[in-house]
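J.: Below is the structure I would like to discuss, written out as structure tokens.
What follows is calculated from the coordinates using simple rules that are stated; it is not laboratory data. Quantities reported herein were computed from a predicted structural model and do not represent experimental measurements.
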Amino acid sequence: MKVLVVYESMFGNTRRVAEAVARAMATTFEVRLEHADAVAPEDVAGVDLLVMGAPTHAWGLPRAGTRRAASSKVVTSGDLVLESGADTKSGVRELLASLHGGELRGWVAAFDTRRRGPGWLTGRASTSIGSALTRLGPRELVAPESFLVDQRDHLIAGEVERAEAWGAMLRHELEHHGATAA
């Protein structure tokens, strides 16, 4: 079975989660890991599972303005490093807008990185991703998942390992449900 893991990342947190998920799934499946700006609608055709993740910005998916704001945070933080092109590349929001549904035939799963706290307070990009993908036809393999960052925008200890465990759970669910989402 084929799995495509797509992400957008500002400071590397969401990329690290995506890499951990892909690593866990690659023990059984053919897995591609791609930044959202490198994925075209036809790239999702024929995948059995599309896993998509983004950081939570202003209670939802990143936009051009929030990406630019994130780049200015690097200057004031002293210890954050901006991913290459993170403030100028298109991301998950734009990729979702380009999908029409005919391309998606398998399962989907969504994740985000966000601050610790209730979702109604912090927002959850993963719920926006999951909703957008399921409106296109496929079913969610599992509920959207959040991986947490601290107040300085660094992944909390243990979140990469939790992402690997989540990837292993996705692998198990996909094996159990098979390639057909219908």
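J.: Please report the orientation-averaged projected area of region 57-160, defined via the convex hull of its C-alpha atoms, in nm².
T.: Details: hull surface 29.6 nm².
In nm², the orientation-averaged hull projection of region 57-160 is 7.4.
J.: Can you give the log10 of the normalised intensity I(q)/I(0) at q = 0.11, 0.15, 0.18 Å⁻¹, computed with Debye over equal Cα scatterers of region 26-115?
T.: Per q value, in the given order, log10 I(q)/I(0) is -0.37, -0.66, -0.89.
J.: Taking the chain as the reference, fit the longest principal axis to its C-alpha atoms, fit the long axis of helix 64-77 to the helix C-alpha atoms, and give the angle between the two in degrees, 0 to 90, nearest 10.
T.: Tilt relative to the chain: about 50 degrees.
J.: Once the Cα atoms of helix 13-25 and of the chain are each reduced to a long axis, what angle between those two axes, in degrees from 0 to 90 to the nearest 10, is obtained?
T.: Once rounded, the angle reads 20 degrees.
J.: Compute the helix-to-body angle for 125-135: its Cα long axis versus the longest principal axis of the chain, expressed 0 to 90° and rounded to tens.
T.: Helix 125-135 and the main axis of the chain meet at about 30 degrees.
J.: Regarding region 89-145, what are the three Cα extents along the principal axes, ordered largest first, in Å?
T.: Principal-axis extents of region 89-145 (Cα, largest first): 36, 28, 14 Å.
J.: Could you go through region 26-33 in sequence order and give the Karplus-derived ³J(HN,Hα) for each residue, using 6.51 cos²θ - 1.76 cosθ + 1.60 with θ = phi - 60°, rounded to whole Hz, and x for Gly and Pro?
T.: Result, rounded to whole Hz: 5, 5, 10, 10, 7, 10, 10, 10.
J.: What percent of all Cα-Cα pairs in the chain falls into each 5 Å bin, going from 0 up to the bin containing the maximum distance?
T.: 1, 9, 19, 22, 21, 15, 8, 3, 1, 0
J.: OK, next. With springs only between Cα atoms under 10 Å, which of His35, His57, His172 fluctuates most in a Gaussian network model of the chain?
T.: Result for the chain, Cα springs under 10 Å: His172 fluctuates most.
J.: Given H placed on each backbone N at 1.01 Å, which residues far from Leu33 in sequence or on other chains put an amide H within less than 5 Å of it?
T.: Under 5 Å from the amide H of Leu33: Val5.
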